[in-house]
Structure formats: C-alpha cells, structure tokens
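Reading through the structure tokens given below for one structure.
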Amino acid sequence: MTSLAAHSDTVATRRQRQYISAAAIGWALIGIFAVNNWLLLAFLGLLSQPIAIASALICLTLLVAGWFGLKKLTPEAAEGKVSLHSLVICYMLALGLLILGGEGRFLFANPDWQIRDAVLYDLVKNPWPFDYQVGGEAHILRAPLGMYLLPALVSKAMPEAVDLVLLFSNALVFALLMAAAGSLFQTAQHKMIALVVFISFSGLDSLGNLALAAAGGPLLTDHLEHWADGRQYSSVITLLFWVPQHAFAGWLCALCLILYQRGQMRLGLVMAAIPLSALWSPFAVMGATPFALWIGIKALVQRQIKPLDVLIGSLGFVIALPALSYLTAGTQALQQGLS
C-alpha cells in the first residue's frame with residue numbers, strides 16, 4: 001500500500017509538472033523580446049566589453065526579477081495553466097499558418113517579403129555593424145529589427161537555412177502567444193471557439209463593404225479590408241501573413257494587459273513588455289501606451305504598485321532605451337504634423 005501511494009504521488013507530481021502558467025509564458029516572451037533588444041547593441045557595434053557585460057547583466061536581472069515575481073502572484077494566476085500538450089499543438093498550428101503565409105518559402109509569399117528578405121539576408125551576410133554606401137555617404141539601416149536579429153545571428157552559421165530559422169523562430173513566438181491566450185478560456189471547446197474566431201476575425205468587413213456600396217461606392221470583391229476610403233482594418237490572417245512582426249508585438253501587449261486585469265500577471269511585466277516591443281513594432285507601442293498609462297495611474301491611486309514591479313518595469317525600459325533611440329534617429333528629417 002505504501003508503495004502504491006508513493007507511485008500515485010509520483011504520477012501526480014509528473015502530471016503537475018506538465019503544466020505551465022500563462023504568466024510564465026508571458027515572462028518567456030518578454031525574455032525573447034529583451035534578448036532581441038540586447039542584440040541591437042551588437043548590430044550597432046556597441047557591444048564593447050563594458051557595455052556588453054552591463055547590458056547582459058541588466059537583461060539577466062530582468063529575467064530573474066520577473067521569475068521571482070511569478071512566485072508572488074495572486075491566487076487567480078493559478079487558474080491560467082497551459083499544458084505541454086497544448087503548447088505542442090499551438091506550435092504545430094503556428095507552423096502551419098506561417099507556412100500558409102509564405103514563411104519558409106514552401107508556398108507563395110506576398111511582395112512585402114521581398115523587402116523583408118533583403119533586410120534579413122543583409123543582416124546574415126554582413127558583419128555587424130555595417131552600412132550602405134549611397135551617393136558616397138554611409139547610411140545605416142533603420143527599421144523595426146526585432147523579428148530579424150536573433151534568426152539572423154543564428155543563420156550566420158548556416159546562411160542557406162535562414163528562411164527556416166525565421167519560420168521556426170516566429171512559430172515559437174506565435175505558439176507562446178496562442179498558448180497563453182488559450183489559458184483565458186476554461187474548456188477545450190471554449191478554446192477551440194476562441195481560436196476559430198481569432199483566426200477568422202476580420203472586423204466585420206462585409207458590413208462595411210455593403211455600407212460603402214449603399215452609399216454609392218464600389219462593391220469590393222477582391223479585398224474587403226479596403227472599404228474604408230484608403231484605410232485598412234486588417235484581419236488577423238492579413239496581419240500574420242503580411243506584417244507578423246507588428247502583429248506579434250501588438251498581441252503581446254494586449255495579452256499582458258488582459259492577463260494583468262485577470263490577476264494573472266504582475267504590473268511590472270506589463271510595463272516591461274510594452275517598451276521592449278518597440279523594436280518589433282513602434283505602432284504596437286503607440287496603441288498599448290494609453291492602456292498602460294491607465295492601469296499605471298489606477299495602480300498608483302490604489303497604492304497597488306510594489307517595489308518589485310517598479311524594478312521590473314524600469315529594467316525593461318532601460319533595456320529598450322537603445323532601441324527607442326535607434327528607432328527615432330533621423331526622424332527630424334521627416335515631415336512633422338498631426339497627419
């Protein structure tokens with residue numbers, strides 16, 4: 001009987017270890033984004049020994065502080081569990097969707113990938129830092145490079161596999177996002193319904209198209225998302241196929257905000273995720289900042305801000321500072337104004 005009880009305890013422990021919290025997945029995603037921000041220093045040629053050590057220590061401190069913060073979450077966080085089986089399913093689904101979007105180059109890739117491939121291949125074939133000679137002047141590449149840096153660094157050892165490396169890297173990020181989002185729903189049926197709605201959601205473009213036609217405009221048949229007079233409310237699939245870097249950043253910010261509202265993520269991790277997302281998509285940061293200000297002010301008024309949250313959020317901002325400076329470099333030459 002004692003042996004049987006011990007065996008049951010072992011099986012129970014193994015089953016318990018087969019689950020991971022949504023907050024831990026969010027922490028892992030923030031870690032991936034932080035590493036890419038750190039790699040930007042290498043791309044810019046700023047990884048001299050003191051800077052390299054200091055920046056690496058800051059990244060490590062952020063990850064350690066964030067992991068320590070996971071242990072101090074509210075009881076509600078225990079509800080947001082993701083099984084390893086679900087993680088595997090999410091990864092396979094992420095691979096399938098990204099392949100359909102042209103990543104890996106197994107199927108047709110839309111024209112935007114011609115530009116992205118040029119950026120990615122330049123990052124692989126050239127030593128960091130590098131510049132472009134245009135008209136006898138040196139110009140440095142300035143773009144949201146968060147999606148490219150880690151795959152490009154890995155692909156330097158095997159340039160012929162660069163498309164696959166980017167595919168597997170993006171699939172990991174997308175799978176973690178889906179898995180953490182799945183924890184918001186209780187049953188497998190609810191998770192499946194949410195997944196179908198998420199993938200197929202398109203902002204009710206058919207209604208907008210009909211309204212445009214009723215007002216005397218054209219009835220679009222080729223691309224419903226263009227009904228709003230030159231503005232496009234992109235569907236999830238459009239975002240995934242055309243601009244995955246912007247999609248991942250926006251979805252990470254939204255996911256962290258939702259998990260925080262449900263008591264499943266610390267405020268500090270939310271505040272770290274948003275600036276770290278800028279290197280992937282400045283647009284996502286622009287959209288998430290008002291929500292971050294709201295929850296920050298609310299937490300301040302209600303005296304819910306903990307020293308650990310201040311530390312984690314501050315570390316995330318410090319790591320993102322080079323990227324924020326890099327992304328805004330040269331913007332004084334651009335047209336200014338409300339438009």
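Of everything in region 189-219, what is within 30 Å of L176 (Cβ to Cβ), assigned to a helix (DSSP H, G or I) and over 24 Å from the mean Cα position of the chain (by Cα)? Give them in sequence order.
Q189, D205
Any idea how many residues of region 184-217 are at pLDDT 85 or above and polar (S, T, N, Q)?
Matching residues across region 184-217 total 1.
Within region 8-60, take every residue that is surrounded by 20 or more Cβ atoms within 10 Å (Cβ to Cβ) and hydroxyl-bearing (S, T, Y) and give me the one that is modelled with the lowest pLDDT.
Step by step, filter region 8-60, then rank; the result is S55.
Which of the residues that make up region 275-306 are under 15 Å from G31 (Cβ atoms) and either among the basic types (K, R) or open to solvent by 10 Å² or more (accessible area, probe 1.4 Å) (or both)?
P275
Write out, first by first residue and then by second, each pair whose Cβ atoms fall under 7 Å of each other, whose residues are 6+ apart or on separate chains, and whose first residue, in region 152-170, is touching a residue at least 12 places away in the same chain (Cβ under 8 Å) while the second is in a helix (DSSP H, G or I) and of a type in the set (G, A, S).
Final answer for the pair search is S155/A161; V162/S155; D163/G104; L164/G104; V165/S155; L167/G104.
For S325, all conditions in the list (1) open to solvent by less than 80 Å² (accessible area, probe 1.4 Å); (2) touching a residue at least 12 places away in the same chain (Cβ under 8 Å); (3) on the phi < 0 side of the Ramachandran plot hold save one; what is the number of the exception?
S325 satisfies every listed condition except (2).
The values are calculated or read from the model by the stated rules, or taken from the named source; none is laboratory data. Just so you know, these numbers come straight off a predicted model, no measurement behind them. Here Cβ is always computed from backbone atoms with ideal geometry, including for glycine, and neighbour counts include all displayed protein chains. Please note that ligands, DNA and RNA were not included when accessible areas were found on the heavy atoms of the full protein model with its side chains. Shrake-Rupley method; radii C 1.70, N 1.55, O 1.52, S 1.80 Å.
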